[in-house]
Amino acid sequence: MLEISPCQAGLSPALSKKLCWRFAPLLVAIYMVNQMDRSNMGYASLVMNKEIHLSIAQYGTGTSFFFVGYILCEIPSNIILSKLGARIWLSRIMISWGIISSISCLVNNDKSFYITRFILGVAEAGFFPGVMYFLTVWFPSRDRVWFATIFTMAIPASGMVSAPLSTFLMQHVSIMGLSGWRSMLFLEGIPAILLGATVFFVLPDKPERARWLTPAEKAEIRRALCLESSQEDEIQSVSGKSALTDTRVWLIGSVYFGLNSTLITILYFIPQVVNDFCNVSDNLTPLQIGLFSALPFIASIVGMWMWGRYVRQRHFHIAFIVRPMLVSALSLAAAPWLPSAGGIMTLLSMSTTGCLCAIGTFWQLPAMMVKHDQAAALALITSIGVSSGIVVGSFVGGMRETTGSYNIPFCVIAACMGASAFVVLFLARQVRTPVTAATPDR
């Protein structure tokens with residue numbers, strides 16, 4: 001395999017640690033809330049589908065409507081963020097999605113379910129690429145891949161927390177006479193509103209506006225980013241308009257399509273898989289299903305932490321993306337064919353860990369191969385990846401209803417992930433640069 005090392009510029013360990021401690025708690029918290037407000041519908045569906053008469057196919061279609069709204073507004077949202085700054089626009093995104101998420105508790109049929117999911121996608125559009133763009137303003141690539149891994153760990157952390165929390169609220173809490181799943185959706189939208197207000201007051205858009213940085217530290221960040229830029233002059237530059245026709249951007253987006261297909265399958269259908277395979281005697285409560293559903297996310301937190309530390313101390317190797325993708329694909333394809341619930345959960349844990357490890361390192365590709373108008377390129381890449389949600393939910397739900405199992409849909413999603421891994425290998429050949437000795441952070 002190839003090594004990709006267009007730049008080894010990095011911050012000093014002390015400054016890197018200072019920035020990490022300053023940003024990680026807030027950004028990880030808001031991403032955890034973001035994932036909770038996406039995935040809590042999976043737990044709500046355990047009761048909601050029966051109450052408002054949704055079939056598993058209609059539920060899958062409803063999850064797709066979220067991504068339609070998201071994609072339509074993704075690029076405009078990220079362009080606005082690049083002009084207004086992360087502080088204002090990320091705050092707007094969070095407050096609006098929190099409000100819509102809470103309002104989702106009022107759905108009473110398939111049409112209202114589709115509408116609220118669509119509006120939630122519109123409100124949330126631009127969040128993830130906005131954060132990725134924010135990181136390019138603060139961190140050179142060596143530090144950014146480590147921080148992106150920490151940030152991505154919010155996905156399994158959210159799954160670990162929200163699985164038992166959401167199902168506990170469903171089982172034990174009633175707000176204003178609402179049923180359990182409605183109360184849960186209402187309550188879990190509130191943290192996004194509160195954190196959105198926090199972002200507005202505490203998140204600086206760029207180093208020059210951070211009062212807690214010394215002049216020397218601001219200069220160090222500028223030097224590292226400028227050095228990285230000067231060492232990447234072989235990389236093709238794209239403007240906002242040319243990003244739409246740039247082949248590399250579309251290929252990188254196709255890789256994210258495969259990654260996101262697997263992630264969406266895991267987030268939205270693990271509770272359903274647990275209900276099918278583990279609830280053999282039909283005596284598991286929603287809370288117990290939630291505890292089982294948290295296992296893959298607990299495993300992936302440990303795996304991602306170890307993987308992130310391993311990657312940070314080495315040159316960025318293409319294997320850091322490809323290998324976890326292949327592990328995830330093979331595990332997902334094999335999981336539903338096993339006869340035991342323990343085996344199924346083990347393979348789903350491996351698939352979740354591989355997928356999330358790959359996502360953490362994946363964001364090096366656009367940072368290395370696309371320059372200057374990162375906001376537009378990142379938004380397009382994310383839109384391509386997120387478009388998988390339009391078809392994945394409907395496909396997995398429809399195939400489950402048609403065939404009575406997850407065997408075929410999981411194999412198809414795994415094949416999509418495997419194909420994306422080969423696209424990464426192709427992209428790697430577009431960047432052939434000399435490799436110099438790296439200085440690991442300690």
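The values are calculated or read from the model by the stated rules, or taken from the named source; none is laboratory data. No experiment lies behind these values; they were computed from the predicted model shown. Glycine also receives a Cβ, built like all others from the backbone with ideal geometry; neighbour counts cover every protein chain displayed. Accessible surface areas use protein heavy atoms only, side chains included; no ligands, DNA or RNA. Shrake-Rupley method; radii C 1.70, N 1.55, O 1.52, S 1.80 Å.
Mind listing whichever residues of the stretch 10-51 are over 18 Å from the mean Cα position of the chain (by Cα) and open to solvent by less than 10 Å² (accessible area, probe 1.4 Å)? Within the stretch 10-51, LEU11, LEU15, SER16, LEU19, TYR43, ALA44, SER45, MET48 qualify.
Could you tell me whether any residue of the stretch 133-153 is crowded, with 24+ Cβ neighbours inside 10 Å and at positive phi? Among the residues of the stretch 133-153, not one is crowded, with 24+ Cβ neighbours inside 10 Å and at positive phi, which makes the answer no.
Taking the criterion of being more than 21 Å from VAL68 (Cβ to Cβ), part of a helix (DSSP H, G or I), of a type in the set (Val, Ile, Thr) and open to solvent by 10 Å² or more (accessible area, probe 1.4 Å), would at least one residue in the stretch 124-131 satisfy it?
Let us first name the residues in the stretch 124-131 that are more than 21 Å from VAL68 (Cβ to Cβ), namely 131.
Within this subset, residues satisfying the condition of being part of a helix (DSSP H, G or I) are 131.
Subset that is of a type in the set (Val, Ile, Thr): 131.
Right, trim to open to solvent by 10 Å² or more (accessible area, probe 1.4 Å) and you get none.
Looking through the stretch 124-131, none of the residues is more than 21 Å from VAL68 (Cβ to Cβ), part of a helix (DSSP H, G or I), of a type in the set (Val, Ile, Thr) and open to solvent by 10 Å² or more (accessible area, probe 1.4 Å).
Can you spot a residue in the stretch 161-171 that is open to solvent by 20 Å² or more (accessible area, probe 1.4 Å) and closer than 24 Å to ILE71 by Cα? So far as the stretch 161-171 goes, no, none of its residues is open to solvent by 20 Å² or more (accessible area, probe 1.4 Å) and closer than 24 Å to ILE71 by Cα.
Which of the residues belonging to the stretch 78-114 are open to solvent by less than 10 Å² (accessible area, probe 1.4 Å), part of a helix (DSSP H, G or I) and either closer than 16 Å to ILE193 by Cβ or not aromatic (Phe, Trp, Tyr) (or both)?
In the first step, residues of the stretch 78-114 are kept if they are open to solvent by less than 10 Å² (accessible area, probe 1.4 Å); the result is 78, 81, 86, 90-91, 93-94, 97-98, 101, 104-105, 107, 113.
Still in the list and also part of a helix (DSSP H, G or I): 78, 81, 86, 90-91, 93-94, 97-98, 101, 104-105, 113.
Scanning the stretch 78-114 gives ASN78, LEU81, ALA86, LEU90, SER91, ILE93, MET94, TRP97, GLY98, SER101, SER104, CYS105.
Based on this model, can you work out whether LEU169 counts as over 29 Å from the mean Cα position of the chain (by Cα) and under 30 Å from GLN288 (Cβ atoms)? So LEU169 fails the test. Taking residues in the stretch 178-195 that are of a type in the set (S, T, N, Q), and partners anywhere that are surrounded by fewer than 21 Cβ atoms within 10 Å (Cβ to Cβ), the pairs with Cβ atoms closer than 6 Å and at least 6 places apart or on different chains are SER183/VAL173; SER183/SER174; SER183/ILE175.
Yes or no, residue by residue, for (1) modelled with pLDDT under 85; (2) in contact with a Pro (Cβ under 6 Å, 6 or more places away or on another chain); (3) in a loop (DSSP other than H, G, I, E, B); (4) of a type in the set (A, V, I, L, M, F, W, C):
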{"site": "LEU378", "(1), (2), (3), (4)": "yes, yes, no, yes"}
{"site": "SER383", "(1), (2), (3), (4)": "yes, no, no, no"}
{"site": "MET399", "(1), (2), (3), (4)": "yes, yes, no, yes"}
{"site": "ILE408", "(1), (2), (3), (4)": "no, no, no, yes"}
